[in-house]
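J.: Quick one: this structure, given as structure tokens, is what I'll be asking you about.
The values are calculated or read from the model by the stated rules, or taken from the named source; none is laboratory data. Keep in mind the model is a prediction, meaning the values are calculated, not measured. Here the Cβ positions follow ideal geometry from the backbone for every residue, glycine too, while neighbour counts run over all protein chains shown. To get the accessible areas, we keep the full protein, side chains included, count just its heavy atoms, and leave off ligands, DNA and RNA. Shrake-Rupley method; radii C 1.70, N 1.55, O 1.52, S 1.80 Å.
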Amino acid sequence: MTSREQRAATFQALHTGEPFVIPNPWDAGSARVLAALGFEALATTSSGFAFTLGRLDGKVTLDEVIEHVEALVGATDLPLSVDLENGYGAEPESAALAVTRVAEAGAVGGSIEDYDPDGHLYDFQHAVERVAAAVEAARRFDWPFTLTARAENHLRGNPDLEDTIARLQAFEAAGADVLYAPGLETAAEIRAVCAAVTKPVNALARRTLSFADIVAAGAQRVSVGGSLTWTAVNALATAATEIRDRGDFSSLGEGSRLGEWLG
């Protein structure tokens, strides 16, 4: 098998084994650190990547994402899944194109969401058509591209669990390999989603829930979104504020473990 085929097979197998954490690096360096720490797969974060360009989430192009994917794929041997947002276009063809292009760049998975950056959730049927188009594109490869379908209600001011579940069930019927409703707040909500579908469920980590809590609720995969990016950025801002306000350099880090992580 080629390296890409091996990564694809590894990623597919993770979804049938023990539940796992798939952390979200924001650049090649953070990807290599996470690989050195023993994680088995990685996923991009659209908000974290946008930050590296000095932008807010939703303000990058597909071409820029492809460059980012190529950098992350080249940084480690781990399977990479890509946060494709809405597919960089409202029509089903855009979702299909986004899947095709990141797969050609070396990714072995990706997610399509049902929210338009113009500020609205897609109508139910249109959302399903977009997932179906992404699935069709993923199935054109002779290796398994793992497609995740996202229902964005709970991040977008519409915490309607019934509608979220209906959308995820429809995405499953359209062929999605993994189902994801970011923004669920409680183990009970995660449990309700997991009980309503048969495909693996990705859950977004919450500070109020442990990995054991999320797994007990039925999730197979746990991602952290942009949170590791903000952990690093907040540490930077805290140290820089202490330097600016008090001339205090005591919070500065050091790079003694770079050889361990990047060597």
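J.: Could you identify the single residue in E260, E189, E254, E185 that is open to solvent by 60 Å² or more (accessible area, probe 1.4 Å) and either closer than 15 Å to A151 by Cβ or in contact with a Pro (Cβ under 7 Å, 6 or more places away or on another chain) (or both)?
T.: Working: E260 fails: either closer than 15 Å to A151 by Cβ or in contact with a Pro (Cβ under 7 Å, 6 or more places away or on another chain) (or both); E189 fails: open to solvent by 60 Å² or more (accessible area, probe 1.4 Å); E254 fails: either closer than 15 Å to A151 by Cβ or in contact with a Pro (Cβ under 7 Å, 6 or more places away or on another chain) (or both).
Of E260, E189, E254, E185, the one residue that is open to solvent by 60 Å² or more (accessible area, probe 1.4 Å) and either closer than 15 Å to A151 by Cβ or in contact with a Pro (Cβ under 7 Å, 6 or more places away or on another chain) (or both) is E185.
J.: Now a separate question. Would you confirm, using the coordinates I've provided, whether T52 is hydroxyl-bearing (S, T, Y), touching a Leu at 6+ places or on another chain (Cβ under 7 Å), surrounded by 13 or more Cβ atoms within 10 Å (Cβ to Cβ) and at pLDDT 95 or above? If you could, list the steps in order and put the result at the bottom.
T.: Details: hydroxyl-bearing (S, T, Y): yes; touching a Leu at 6+ places or on another chain (Cβ under 7 Å): no; surrounded by 13 or more Cβ atoms within 10 Å (Cβ to Cβ): yes; at pLDDT 95 or above: yes.
Taking the combined requirement at face value, the residue does not satisfy it.
J.: Hey, another quick one. Hey, does region 90-109 have a residue that's of a type outside the set (A, V, I, L, M, F, W, C), touching a residue at least 24 places away in the same chain (Cβ under 8 Å) and at positive phi?
T.: Scanning region 90-109 turns up at least one residue that is of a type outside the set (A, V, I, L, M, F, W, C), touching a residue at least 24 places away in the same chain (Cβ under 8 Å) and at positive phi.
J.: Restricting attention to region 134-158, and to residues there that are touching a Ser or Thr at 6+ places or on another chain (Cβ under 6 Å) and closer than 12 Å to L179 by Cβ, which single residue is most open to solvent (accessible area, probe 1.4 Å)?
T.: Going through region 134-158, the residues touching a Ser or Thr at 6+ places or on another chain (Cβ under 6 Å) turn out to be 137, 148, 150-151, 153.
Keeping just the survivors that are closer than 12 Å to L179 by Cβ gives 148, 150-151.
Working: T148: 1, R150: 26, A151: 0 Å².
Across region 134-158, the extreme among qualifying residues is R150.
J.: A further question on this structure: If I ask for residues that are open to solvent by 50 Å² or more (accessible area, probe 1.4 Å) and among the acidic types (D, E), which ones from region 215-247 would you list?
T.: Of everything in region 215-247, just one residue is open to solvent by 50 Å² or more (accessible area, probe 1.4 Å) and among the acidic types (D, E), namely D245.
J.: Here is a further query. In region 6-39, how many residues are open to solvent by 40 Å² or more (accessible area, probe 1.4 Å), within 14 Å of the chain's Cα centre (by Cα) and under 20 Å from V178 (Cβ atoms)?
T.: Residues in region 6-39 being open to solvent by 40 Å² or more (accessible area, probe 1.4 Å), within 14 Å of the chain's Cα centre (by Cα) and under 20 Å from V178 (Cβ atoms): 1 in total.
J.: Next question. Could you name every one of the helices (runs of 4 or more DSSP H) located completely within region 1-74 that has at least 1 residues being polar (S, T, N, Q) and without any contact (Cβ under 8 Å) to a residue 24 or more places away in the chain?
T.: On the way: elements: 3-14, 28-36, 46-52.
Per the criteria, 3-14.
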